[in-house]
Amino acid sequence: MLMPFAFDLFFLLINTIWLLLVVVGLPGNWLIVATTAGVAWWQWDPDHQLFSPWTLLALVAVAGVGEVLEVLAGAAGAKKAGGSARGSAGALVGGLIGALAGTVMIPIPLIGSLMGAAGGAAVGAWAMEMSAGQEMEVSVRIGVGAGLGRLVGTLVKLGAGVVLWLIAAVALFWR
């Protein structure tokens, strides 16, 4: 078994990795929640709980709010620009592909992933709107809206992830 301090550092490192996954469009916030809940279960002691049920409930609530805000920001960007459901689907797929491509093509931590996600969402929405017969100017406007929405949504979700990380870290050391 790991020494308490080494365990704490390992826990924080794992949650940091999960937090970074948010930038590439993966469910890092939920992995923070799952890891914290798993450690709470693994270290369960009725007399002294490592993470209280209130801490776990707060983590679920913050992760849920982050998800809702991310979706709303992305949808608002595309909708405000006049996008269709087809364009939104293109933005979703393009954003995921772009985040992965940006991570590889622009090897600046976080920046490459964010730029790739926003650019991929823009290109995906633009391509799907063009394939539906939209005018070039309208398709470009929708693509830009989708890209900006994806960027804002990812940053909001990343902010929620930082809050999750801090809640888990404070609860870990508050024993």
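Would you point out which residue out of Gly25, Gly74 is under 28 Å from Ala127 (Cα atoms) and touching a Leu at 6+ places or on another chain (Cβ under 6 Å)?
None of the other options fit; the residue is Gly25.
Considering only region 59-69, I want to know if a residue exists there that is touching a helix residue (DSSP H, G or I) at 6+ places or on another chain (Cβ under 9 Å), part of a helix (DSSP H, G or I), more than 24 Å from Ile14 (Cα to Cα) and touching a residue at least 40 places away in the same chain (Cβ under 8 Å).
Yes, there is a match, as at least one residue in region 59-69 is touching a helix residue (DSSP H, G or I) at 6+ places or on another chain (Cβ under 9 Å), part of a helix (DSSP H, G or I), more than 24 Å from Ile14 (Cα to Cα) and touching a residue at least 40 places away in the same chain (Cβ under 8 Å).
Give me the pairs: first residue in region 29-41 and aliphatic (A, V, I, L, M), second residue part of a helix (DSSP H, G or I) and buried (at least 20 other Cβ atoms within 10 Å of the Cβ), beta-carbon distance under 6 Å, and six or more apart or on different chains, which are they?
Cβ pairs passing all conditions: Leu31/Trp18; Ile32/Asn15; Ile32/Trp18; Ile32/Leu164; Val33/Leu59; Val33/Ala63.
Any residue at all in region 111-128 that's surrounded by fewer than 17 Cβ atoms within 10 Å (Cβ to Cβ) and either of a type in the set (A, V, I, L, M, F, W, C) or in contact (Cβ under 8 Å) with a residue 60 or more places away in the chain (or both)?
Step one: list which residues in region 111-128 are surrounded by fewer than 17 Cβ atoms within 10 Å (Cβ to Cβ), which gives 111.
Restricting the remaining residues to those that are either of a type in the set (A, V, I, L, M, F, W, C) or in contact (Cβ under 8 Å) with a residue 60 or more places away in the chain (or both) gives 111.
Looking through region 111-128, at least one residue is surrounded by fewer than 17 Cβ atoms within 10 Å (Cβ to Cβ) and either of a type in the set (A, V, I, L, M, F, W, C) or in contact (Cβ under 8 Å) with a residue 60 or more places away in the chain (or both).
Of a type in the set (A, V, I, L, M), in a loop (DSSP other than H, G, I, E, B), modelled with pLDDT under 90 and out of contact with any Phe, Trp or Tyr (no Cβ under 8 Å at 6 or more places or on another chain) - does that describe any residue in region 122-144?
As a first pass, look at region 122-144 and keep what is of a type in the set (A, V, I, L, M): 122-123, 125, 127-128, 130, 132, 136, 138, 140, 142, 144.
Then drop every residue that is not in a loop (DSSP other than H, G, I, E, B), which leaves 132.
Filter once more, keeping what is modelled with pLDDT under 90: none.
The answer is no, given that none of the residues of region 122-144 is of a type in the set (A, V, I, L, M), in a loop (DSSP other than H, G, I, E, B), modelled with pLDDT under 90 and out of contact with any Phe, Trp or Tyr (no Cβ under 8 Å at 6 or more places or on another chain).
Select from region 21-59 the residues that are surrounded by fewer than 20 Cβ atoms within 10 Å (Cβ to Cβ), among the aromatic types (Phe, Trp, Tyr) and at pLDDT 80 or above and list them in ascending order.
Within region 21-59, Trp41, Trp42, Trp54 qualify.
The values are calculated or read from the model by the stated rules, or taken from the named source; none is laboratory data. All values reported here derive from a predicted model rather than from experimental measurement. Positions of Cβ are backbone-derived with ideal geometry, glycine not excepted, and every protein chain shown enters the neighbour counts.
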